[in-house]
Amino acid sequence: MSGIRFDRLRVMIVDDNLHMRRLIVAIMQAFGVREYFEAHDAEQAWAALPNAKPDIIILDWQLPGITGIEFARLVRTSPKSTNPFVPIIMLTGHTHVDHVRQARDAGINEFLAKPVSVKAMLVRLINVIENPRPFVRCDTYFGPCRRRKSITAYQGRERREPDLVTVD
């Protein structure tokens, strides 16, 4: 495993399925995570956010009431958000390309399909910790840079570099 001190991480797990929450808790404990917070819906997670102060949120798409996408947007853009920069991993069975794009556009850092494997979860956790993407703000988006690759040779009309403001 990497040199990450998982025992120092605070993880919030938001999923309406108790069995899925228990599975994610077991995976987190196997990695060494000691502090985790469970929420069965977005409202409960939102209320717990200021006290939980998670380092990472693992979020389901399909939640009763506020969806995972709406919750992610709240975390990223609400003036009441306690940490709009917290990494969010979306763990969902909704894996159609349109869902992946919607998650990306809501400010999700990583996307993980159910059923989850321990290896896939570890890869996503390591990625948000060791390879964080810079946050950007523009008219319609705030969140991690949606580009995964740096293509410096492209100079075409759609190049957005001057449009982006990096937020540290």
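Please treat every number below as a calculation from the coordinates, not as lab data. What you are looking at is a predicted structure, and each value in this text was computed from that prediction instead of being measured. When we count neighbours, we look across all protein chains shown, and the Cβ atoms used for this are built from the backbone with ideal geometry, even at glycine.
Numbers below:
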{"read-out": "Cα convex hull volume per residue for region 38-132 (Å³)", "value": "97 Å³"}
{"read-out": "Farthest positive-ward along region 6-133 dipole, Cα basis, beta-carbon charges - from Leu59, Tyr36, Asn127", "value": "Asn127"}
{"read-out": "For region 86-95, 3J(HN,Hα) per residue [Karplus equation, 6.51 cos²θ - 1.76 cosθ + 1.60, θ = phi - 60°, Hz, x = Gly/Pro]", "value": "4, x, 10, 9, 8, 10, 8, x, 7, 10"}
{"read-out": "Residues Leu59, Leu122, sorted so that the one with the fewest Cβ neighbours within 10 Å comes first", "value": "Leu122, Leu59"}
{"read-out": "DSSP-defined antiparallel bridges as percent of all bridges, the chain, nearest 5", "value": "25 percent"}
{"read-out": "Other-chain or far-sequence residues with amide H under 5 Å of Gly143's (modelled H)", "value": "Val136"}
{"read-out": "Choice from His94, His19, His40 with maximal GNM fluctuation in the chain (Cα, 10 Å cutoff)", "value": "His19"}
{"read-out": "Crossing angle, helix 68-77 versus the chain [Cα axis fit, 0-90 degrees, rounded to tens]", "value": "60 degrees"}
{"read-out": "Degrees separating the helix 118-130 axis from the principal Cα axis of the chain, which is the longest one", "value": "50 degrees"}
